[in-house]
Every structure is written in C-alpha cells, then in structure tokens.
Amino acid sequence: MAHGEVLEFEEYVRTRQDALLRSARRLVPDPVDAQDLLQTALVRTYGRWDGIADKRLADAYLRRVMINTRTEWWRARKLEEVPTEQLPDASVDDSTEQHADRALLMDIMKVLAPKQRSVVVLRHWEQMSTEETAAALGMSAGTVKSTLHRALARLREELERRASDENDELGVRVPEREERERCAA
C-alpha cells in the first residue's frame, strides 16, 4: 500500500473510531470483545484499503467485516457452549431504569441467530434504511424485512417468557395468563 493510502487509512480510523466502536459494541455484548472485534476488522480492512474505490463506503465495508468476524467467532464458540437449566441473572452496574433496560436488551439479543442480530443492529441501532441494510449484508430488501420481522417476534417472545418466569418466581398471577391457563385446562 502506498504511503498516501496508509495516511488516509490512519486518518479514517482516527475520525471514525468512536462510531465504529459503538457499532462493534452493539454486535457483541462484552466491551472487551467489541474492542477486539473492531481491531480485527480494522486489520482485515487495512489489507484491502486500496481496493475500496469509493471511500465513502468504508463504514459499510468495515461493518460488514465486523459482522462476518463476529459470525466466525460465534461459530467457533458455539461448540464451547454448555446448556443449563437456569440462566444466570443479568448483572446491572447502574441502578437506573434505562441502564437496566439496555442490559436486558443486550442479554435477550443473545437468543437471535447472527443474521437476525445483524439485521436488528443495523436497522434499529445504526438506523440504516432497509435498502442500506440489504446492501451492507448482501441480501435483498425483502429478506431484510422478513428477517427483521422474525427477529423482533423472537425478541418479544423472549421478553414475555422472562416476564412470565419473573412473575412465577414472585408468585404473581397475571390475569391474562391465568385466563389462558384456565382455558387450556
């Protein structure tokens, strides 16, 4: 790579690193893993920097590299997972409701497949359009919409399940649930 392109890449990283780290943080729940993800994606992108003709698309290219890298990590770690009967309680450092909601959301995002998680992150956190998301992920707009629909439905189910489990633990009966149980019996 030419010296000018090296300087151009360094300048790009300097100006975009905070936004890129936020994107990485949304793709993986652990802050240290997010930094590792960004570093790995930057190393991979550096080797191909001269091949990116339109540098305005560098963010999209780098996000795609982060998504691919995260998927590789997920596949590698999938074999190490051990199923358990009880999920551990999510720890919340800050007692504010907003922080607790964010921690819960990051925790339930783990139930999504990598493709679904990528679509949710790009559409809702990165606020990309359906077309931009489709281009970044290399899929059709219709696939983005259907994947997003299924992912959001799965997140709703998980939230309802957790709320139900929490109510059971507290001995609270929810009227709608009680009615469903009575009808099912």
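Computed from the coordinates by the stated procedures, all read-outs in this text should not be read as laboratory data. Here the structure is a predicted model, which is why all the values come from computation and not from measurement. Please note: Cβ atoms are built from the backbone with ideal geometry, for glycine as well, and neighbour counts cover all protein chains shown.
With a Förster radius of 25 Å applied to the beta-carbon distance between Val13 and Trp74, the computed FRET efficiency rounds to 0.50.
Taking max minus min of the alpha-carbon positions on each principal axis, segment 1-78 gives extents of 40, 21, 18 Å, largest first. With a sphere of radius 11 Å drawn around the Cβ of Met109, what net charge do the other residues whose Cβ falls strictly inside it have (Lys, Arg +1; Asp, Glu -1)? Taking every Cβ under 11 Å from that of Met109, the sum is +3.
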